[in-house]
Amino acid sequence: MSTKSIFIVDDHQMVIDGLKLIISTIPGFEIIGESTSAVRALDMLTTASPDILLTDVSMPEMSGIEFTRLVKKKYPQIKVLALSMFSESQVVAEMIDAGISGYILKNTGKQELIEALGKVSIGENYFGPDITLQLMKSFKRSQEESRLTDREIEIIRMIEQDFGNKRIADMLFISERTVETHRKNILRKTNTQSVVGLLKYAYERKII
């Protein structure tokens, strides 16, 4: 197997040094560049041509999301492996949208880094166990939300405005009993027990 080249970008030099130390012990990989600045890294990539870009997600000058998007636009052949302290599904989803091939946490062990680099180097994707779990939870939440009908979402928004059943019924030209049925179904689908819990659920998921 030919040696795969790696370029590391992280705003903490200690993280870079630690990664270099670990990667130096992994056969088949070599580090050809590093930078503590995403902005400088973009300039350096005009001459460096790594197979894999190992990048942090949260950086001061430019986010890993924006950095990845720019790299993939200019150098689509470079595989990007994200390394982060954050496992939030929204962050992971944005990095996936930007074009990463993998995402692992900074507290991962050497073996997982080896596995991730191996998968990414042959064109496959790799997401650590914690990341996969977060993505699965997010997918489950999306499925739950998708089960809410347009009418139910409309009623949630009316509830948020503190409208009672009678006013909702009058505005939607339906009976109060139908409104009550909708409310029961909404609480069941969102797994909430009160208006407060329902509104919290809706705010967190940007339904309202």
Return the single residue from M44, M158, M95 with maximal mean-square fluctuation; model: Gaussian network over the chain, springs between Cα atoms under 10 Å.
M158
Taking the convex hull of the Cα atoms, report for region 1-44 its projected area averaged over all directions, in nm².
3.0 nm²
Size of the dipole of region 10-75 about the Cα centre, Lys and Arg at +1 and Asp and Glu at -1 on the beta carbon, nothing else charged, in debye to 20?
300 debye
Using +1 on the beta carbon of Lys and Arg, -1 on that of Asp and Glu, and nothing else charged, what's the dipole of region 54-208 about the Cα centre, debye to 20?
280 debye
Set K73/K206; K20/K72; K72/K189; K184/K206 screened for pairs whose C-alpha atoms are more than 32 Å apart:
K72/K189
Given a Förster distance of 41 Å, report the FRET efficiency between Q161 and D97 from their Cβ-Cβ distance, rounded to the nearest 0.05.
0.80
Calculated FRET efficiency, V196 and L105, Cβ-Cβ r, R0 45 Å, to nearest 0.05?
0.85
Which is farthest toward the positive dipole end of the chain among S37, Y75, L135, measuring Cα position about the Cα centre, with Cβ charges +1 (Lys, Arg) and -1 (Asp, Glu)?
L135
Förster-model FRET efficiency, 45 Å R0, F173 and S2, C-beta, rounded to 0.05:
0.05
Among (i) 8, 19, 15, 11, 10, 9, 8, 7, 6, 4, 2, 1; (ii) 8, 29, 23, 13, 14, 10, 3, 0; (iii) 8, 30, 28, 20, 11, 3, 0, the value of P(r) over Cα pairs in 10 Å bins from 0, in percent computed for this structure carries the label (ii)
In nm, to one decimal, how far is the H12 label point from the S24 one, both placed 7 Å along Cα→Cβ?
2.0 nm
Using only the heavy atoms of the protein chains and a 1.4 Å probe, how would F67, F29 rank by accessible area, largest first?
F29, F67
What residues of region 53-93 lie in the reach of a label at D130, counting those whose backbone N is under 19 Å from a point 7 Å from the Cα along Cα→Cβ?
54-59, 64-65, 81-93
Can you work out D for region 1-81 in µm² s⁻¹ from Stokes-Einstein, where Rh is the Kirkwood radius over C-alpha pairs, the temperature is 20 °C and the viscosity is 1.002 mPa s?
170 µm²/s
Rounded to a whole number, what % of the accessible area of the chain do carbon and sulfur atoms account for, probe 1.4 Å?
53 percent
Quick one: Karplus J couplings for region 88-95, per residue in order, coefficients 6.51, -1.76, 1.60, θ = phi - 60°, nearest Hz, x for Gly and Pro?
4, 4, 5, 5, 4, 4, 5, 5
Reduced to Cα centres, the span from region 65-140 to region 176-208 in Å works out to 34 Å
What relative contact order, as a whole-number percentage, does region 51-208 give when Cα pairs under 8 Å and 6 or more residues apart are counted?
16 percent
Projecting the Cα atoms of I104, Q90, F163 onto the charge dipole of region 53-170, where Lys and Arg contribute +1 and Asp and Glu -1 at Cβ, the residue farthest towards the positive end is I104
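The values are calculated or read from the model by the stated rules, or taken from the named source; none is laboratory data. Since we're looking at a predicted model, the values are computed, not measured. A quick note on method: Cβ atoms are made from the backbone with ideal geometry, for glycine too, and the neighbour counts reach across all protein chains shown. Heavy atoms of the whole protein, side chains included, go into the accessibility calculation; ligands, DNA and RNA do not. Shrake-Rupley method; radii C 1.70, N 1.55, O 1.52, S 1.80 Å.
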